[in-house]
Structures are given as C-alpha cells and as structure tokens.
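Trainee: Below is a structure I'd like to ask you about.
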Amino acid sequence: MEKQFLTVTDERTGKTYRLPIQNGTVNTMDLRQIKTDPDDFGLMGYDPGYKNTASCKSSITFIDGERGILLYRGYPIDQIAENYNFLETAYLIINGEFPTGAEYDKWSWNITHHTMLHENIKKFMEGFRYDAHPMGILISTLAALSTFYPDSRNIEDPESRRLQIYRLLGKVPTIAAAAYRHSMGLPYNYPDNTLSYTGNFLNMLFKMTEPKYEPNPVLEKALDTLFILHADHEQNCSASTMRGVGSSHSDPFCAVAAAAAALYGPLHGGANEMVLRMLKEIGSKDKVGAYIKRVKAGEVLLMGFGHRVYKNYDPRARIIKNIADQVFDVTGRNPMLDIALELERIALEDEYFVERKLYPNVDFYSGIIYQAMGFPVALYPVLFAIGRTAGWLAQWEEMLLDPDQKIHRPRQIYIGKTHRDVPRLKGKKKSEAMA
Ligand code: ACO
C-alpha cells in the first residue's frame, strides 16, 4: 500500500511536518520533532482515559462499536456462543484458532488438573471476615498465589507461561467458589474432575451433602455462555491494567490480581452488581419513569447503559436476553426482568439516551440471570472475572511477545508550581522544625 502522510503546520513557528500514517494512526512520538526551539521538549498528545489513543496492535478481539459487532479472532460472538463452549473459546482467544480434538483434550485436561488450591491458600482465605466482598477475596488470593508459584516470574519461557495459564484458568473458579462458600459460612468444596469446567464450578459453589453434584444442564450451558460473552473485550480498563502491570514484567498472578481490581469498579465489571442494586431501588415497573427523570437530571447513572466503545446495541446484551428466557424456564421468571424491560423500553425511546447513543451493555441483563440462578449480588463481578481471565491472559501474552511494547509509562502535563526554594527555617534546628 502507498505510504500515507499527515501534513501539519505549526502556527507558532510556521514550520510544516509530514507525519507517516500507519493503520489509520499517527505515532505520537513523531510529534516530538515539532518544537518551538531546540530546548523545547516537543509536542505530545493529551488524552485522559485514552479515548483516541491506541496503546498496542492486537489480533485478539475486534469491536465495531458503531455497528455493534464483536469478533474474537475474527469469529462473530453469536456464532461462537452458539457452537462452542467456554474452554474452546478460551483456547481460541489465547492461541488464535479453535483447538483440534487432541488439542482440546490436552487443554481441558491440563486446566482441569490445575483446579486444586494449596491447602495453605484455603487457610489464607479463611482469614477473611465473614462479610468480606468476594471480589476483594479473589483479588487478594490471586496476588497471594504469586508467592506459591515463584516460577511464574519466568515470563520469558513459553512453557512456564503456558503452565501459569493452565493454573490461572483452573484456579480462578475454585477461588471464586471458595469466596462464595466463605461468605455463606460453608466448607469449601473440592473440584470434581469428571464435570465440565462450568459444571465443576457449580459443583464447587452449590454441592451440599449429596455424594455427587449433578449440575442442571440448562443452567450449566447458560453460565458457560455468559463466560464466553465476557471472555475478552479488547483494551478495556482491566485488560489495559493487565498489560500495564505485565509490562513491568510482574508475574501473571500479580497482573491478573491487578486486572481483577480494575474490573471490580462500578464503571466496569462492578456494573452488573450495581444494575441489580438499581433495579431493587426502583422496586416496581411504575416507578421507572421517576427514576429515568433522576438519570436525566444527572443525579444518578442508569447502570448497565452506555459504553465507551458501543454506540449501538451491545451484541452481548442481545445474546444474554435470549439466555434469560431459557434460564427463567428452569428457575421461574425473575420479577426484576419487568423493571429492566421497562427501563430499556423508555430509555431507547427517550431523546436523552438516543442523542448520547446509550444502549444496554453486557451487564444490563446478566445480573438478572445470575440472581435467578441463585448467585448473591456480590458474586456477579467475580463471575465476570472467571470469563475475563482468558482475555487477560491472551492480552498479557500478546503484549510480552510484541517487540513494539515497552513498560507502560504515560507522560503528564505538569500544572503544579515551577521550581521554588523551600522557606527558610529561621532560628530552628531542622529536627525541631520537623517535630
Ligand atoms: N446513565 C446516564 N447517562 C449516561 C450514562 C448512563 N449509564 N452513560 C453515559 N451517560 C451520559 C454522560 O453523562 C454523558 O452525558 P453529557 O454528554 O451530557 O455529559 C454522555 O452520556 C457520555 O458519557 P461519558 O461518561 O462521556 O461516556 P464514557 O465513554 O466516558 O463512559 C461508561 C462509558 C463508563 C460505561 C458510562 O456509560 C457509564 O458510566 N455507564 C454506567 C456504568 C456501566 O454500565 N458500566 C459497564 C460498562 S460495560 C463493561 O465494562 C463490561
């Protein structure tokens, strides 16, 4: 392809520059040559929140937010959700292609055989208060795992990286389930290797005294699909945290703990929890109008609506709406659904939301399904983290293998005081002055 350029004139100096354009971007390092004089540092870009700055090249996930398209490795999310399970999807996201039969057997065997936690990790988890938020438990326990696997610091070794990927995909559901059991005051369940990835997760959550837990196939499939829908979403807040922490060559347990911490916030993965709290606060369908008024007055956000990238219906929300019907056939209809449907109906017609292109995002309906399945609200972001671990690991490895990548270290515009000397400490000895 012919080389393309952006020609800019600096009106401060009258000089003109030709900046190469590659992949629809200019390299902001090319701006540095634009100076008012030789001592000038050079021009930088200013972009808080990285609204228009690409931090990497990636071949994992593609999103067209205007058209509501989401592809993992080129495959549309709805086709994947219909035809594959979560472990196959995790393989695709991390390795670039779906596994062959033999590859899948090896992949799922390895993940299944890394689901156990060291008994000391269980003791560590027991130290949390009974009412500790499970996301706090997950984040801390992931970071603690780094101390159990010092070999994970060997990030340059592909075999070691692969082992940590097995460990993390295997252990995140075990920690998540233990966090839930902890909050309920129940003993932690050991994994059952005869069950599927998601079936085993349900076993670790809900098994009581029965000798063998049999997951409901509809709920198992629904949860597995939810994991698929949450598996990756390109450079979102938690993925870029994973890359940022990983860029200093931290081990992947610490980096995943940091990514989970980013996910916890109510503007990101914590939103599904907030949606349920919002629906509870609204209470009934007839109060939806009044709530929308408060949203428009800027008093509250409509949780589960809006997205930095999607300016159209989030394709995941559409799939989740269909799953909801299947789940409710088993669990009975969640009355929160009527409030959510009414909120969506009004919001999609209202000028405030239409103008700002605010549509339901992935979290708008997922919480209602989780509630119907018996999960406590605080566990919702943890469920999100289970699926997203696949994406974090894929983003981490891609970052490590990308020769363009450097330690993440943004610039700033310093707006504080310029150089000034400290006030003289007249008549006082330094130690007195500090006291
Ligand atoms: N309710 C009401 N108004 C909203 C909402 C909302 N949920 N989201 C955005 N807006 C308004 C903003 O107030 C702003 O209005 P203004 O132009 O009058 O100031 C306009 O829409 C643009 O919003 P921004 O905040 O600039 O959009 P941004 O891309 O920075 O934020 C975000 C995206 C954080 C997701 C936002 O839409 C939001 O807070 N949504 C609610 C929380 C949520 O559901 N998060 C989950 C996102 S999906 C995920 O992470 C898995």
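Trainee: Under unit Cβ charges (Lys, Arg +1; Asp, Glu -1), what dipole magnitude, rounded to 20 debye, does the range 109-247 have relative to its Cα centre?
Mentor: Values: 13 positive and 14 negative charges, 50 e Å.
In total the dipole reaches around 240 debye.
Trainee: Let me ask something else about it. State the percent of C-alpha pairs, over all pairs in the range 4-47, separated by a distance greater than 15 angstrom.
Mentor: Numbers: 410 of 946 pairs.
Here the tail beyond 15 Å accounts for 43 percent of pairs.
Trainee: I'm checking a number: the convex hull volume of the Cα atoms of the range 81-138, normalised per residue, in Å³. What is it?
Mentor: Given the Cα convex hull of the range 81-138, per-residue volume reads 117 Å³.
Trainee: Can I ask one more? Determine one quarter of the surface area of the Cα convex hull of the chain, which equals its mean projected area, and express it in nm² to one decimal.
Mentor: Its Cα hull, projected and averaged over all orientations, spans 29.6 nm².
Trainee: Ok, one more. Of the residues ILE346, ILE77, ILE94, which exhibits the maximal mean-square fluctuation in a Gaussian network model of the chain defined by a 10 Å Cα contact cut-off?
Mentor: Per the Cα network of the chain with a 10 Å cutoff, ILE346 tops the list.
Trainee: Would you mind telling me which residue in ILE369, ILE415, ILE339 has the biggest mean-square fluctuation in a Gaussian network model of the chain, where springs connect alpha carbons within a distance under 10 angstrom?
Mentor: ILE415
Trainee: Would you calculate a helix-derived [θ] at 222 nm for the chain, using -39,500 (n - 2.57) for each DSSP H run of n ≥ 4 and dividing by the full residue count, to the nearest 500? Walk me through the numbers on the way to the answer.
Mentor: Details: 18 runs with 219 residues, N = 435.
Per the formula, -15500 deg cm²/dmol.
Trainee: Turning to a different aspect of this structure: Tell me the angle of helix 315-331 to the major Cα principal axis of the chain, expressed in degrees between 0 and 90 and rounded to the nearest ten.
Mentor: So the helix axis and the longest Cα principal axis differ by about 20 degrees.
Trainee: Let me spell out the model: positive unit charges on the Cβ of Lys and Arg, negative unit charges on the Cβ of Asp and Glu, origin at the Cα centre of the range 4-47. What dipole size does that give, in debye rounded to 20?
Mentor: 160 debye
Trainee: Quick check: the distance between the Cα centres of the range 294-339 and the range 248-286, to the nearest angstrom?
Mentor: 15 Å
Trainee: Please tell me which of these pairs span more than 26 angstrom C-alpha to C-alpha: LYS123/LYS221; LYS221/LYS293; LYS122/LYS212?
Mentor: In this structure, LYS123/LYS221; LYS221/LYS293 exceed 26 Å between Cα atoms.
Trainee: Taking loop as defined by DSSP and a crowding limit of 12 other beta carbons within 10 Å, which trypsin sites (Lys or Arg not before Pro) in the range 129-223 fit? Show your work: numbers first, answer last.
Mentor: On the way: sites: ARG129, ARG153, ARG161, ARG162, ARG167, LYS171, ARG181, LYS207, LYS212, LYS221; in loops: ARG129, LYS207, LYS212.
Sparse-neighbourhood loop trypsin sites (Lys or Arg not before Pro): ARG129, LYS212.
Trainee: Just for the Cα atoms in the range 200-323, what are the lengths along the principal axes, largest first, rounded to whole Å?
Mentor: Each principal axis gives a Cα extent; for the range 200-323 these are 48, 46, 25 Å.
Trainee: Compare the Cα positions of ALA231, PHE206, SER152 along the charge dipole of the range 121-255 (+1 at Cβ of Lys, Arg; -1 at Cβ of Asp, Glu; about the Cα centre) and return the one farthest towards the positive end.
Mentor: The residue sitting farthest along the positive end of the dipole is PHE206.
Trainee: Return one number: the angle in degrees, 0 to 90 and rounded to the nearest 10, between the long axis of the Cα atoms of helix 336-349 and the longest principal axis of the Cα atoms of the chain.
Mentor: Taking the Cα atoms of the chain, the angle to 336-349 is about 40 degrees.
Trainee: For the range 349-419 and the range 170-188, compute the distance between their C-alpha centroids and round to whole Å.
Mentor: 23 Å
Trainee: Inverting the mean 1/r over all pairs of different Cα atoms, compute the Kirkwood radius of the range 271-372 and quote it in Å. Before the final figure, lay out the partial values.
Mentor: Working: mean 1/r = 0.0734 Å⁻¹.
Over the range 271-372, the inverse of the mean reciprocal pair distance is 13.6 Å.
Trainee: When the dipole is taken about the Cα centre of the chain, and only Lys, Arg (+1) and Asp, Glu (-1) are charged at their Cβ, what size is it in debye, to the nearest 20?
Mentor: Using only the charged Cβ atoms, the result is roughly 1880 debye.
Trainee: Out of TYR190, TYR166, TYR352, any idea which swings most in a Gaussian network model of the chain, alpha carbons joined below 10 Å?
Mentor: Its mean-square fluctuation being the largest, the pick is TYR352.
Trainee: Sticking with this structure for a sec: Mind listing which chymotrypsin sites (Phe, Trp or Tyr not before Pro) in the range 44-82 are in a DSSP loop and have 10 or fewer other Cβ atoms within 10 Å?
Mentor: Answer in residue order: TYR46.
Trainee: Can you give the angle from 0 to 90° between the axis of helix 197-206 and the longest principal axis of the chain, with both taken from C-alpha atoms, to the nearest 10?
Mentor: 70 degrees
Trainee: Something else: Could you work out the local net charge near PRO99, counting Lys and Arg as +1, Asp and Glu as -1, over the other residues with Cβ closer than 9 Å to its Cβ?
Mentor: Spelling it out: positives minus negatives among the neighbours equals -3.
The numbers here are math on the coordinates, done by the rules we state, and not lab data. Keep in mind that this is a model prediction, so the values were computed, not measured. Cβ atoms come from the backbone with ideal geometry, glycine included; neighbour counts cover every protein chain shown.
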